[in-house]
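No value in this document is a laboratory result; all are computed from the given coordinates. The model shown is predicted, which means the values in this text are computed figures rather than measured ones. For neighbour counting, all protein chains shown are included, and Cβ atoms are generated from backbone atoms with ideal geometry for every residue, glycine included.
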Amino acid sequence: MNVLSAIFGTILASIGFMFILLYTNLMTMGYSFFDFVKFISKRVECLLFVMGICIIVLSFERSIKNVLLLRRSSKFHI
């Protein structure tokens, strides 16, 4: 289940990042960087990048907790 959500998050993040790269052409038409960021923050396609990163982090959160618990409860302290 964690692997599937990580894959889904990667797909969403890559689609969102693709749109962010496509919208960088607005900067050649005279948009400033702050106008560009304001435009991107309002686009749903670009918010897919943020949602994808959040899904990836949440999918690995449980495995990180398990690794930390295993390290803490092991007999050998490194």
Where q = 0.13, 0.15, 0.28, 0.30 Å⁻¹, what log10 of I(q)/I(0) comes from the Debye formula for segment 1-63, counting one point per Cα? -0.40, -0.50, -1.04, -1.13
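Sum up the charges of everything whose Cβ sits under 10 Å from the Cβ of GLY16, counting Lys and Arg as +1 and Asp and Glu as -1, but leave GLY16 out.
Working: positive: ARG43; negative: GLU45.
Local charge sum for GLY16: 0.
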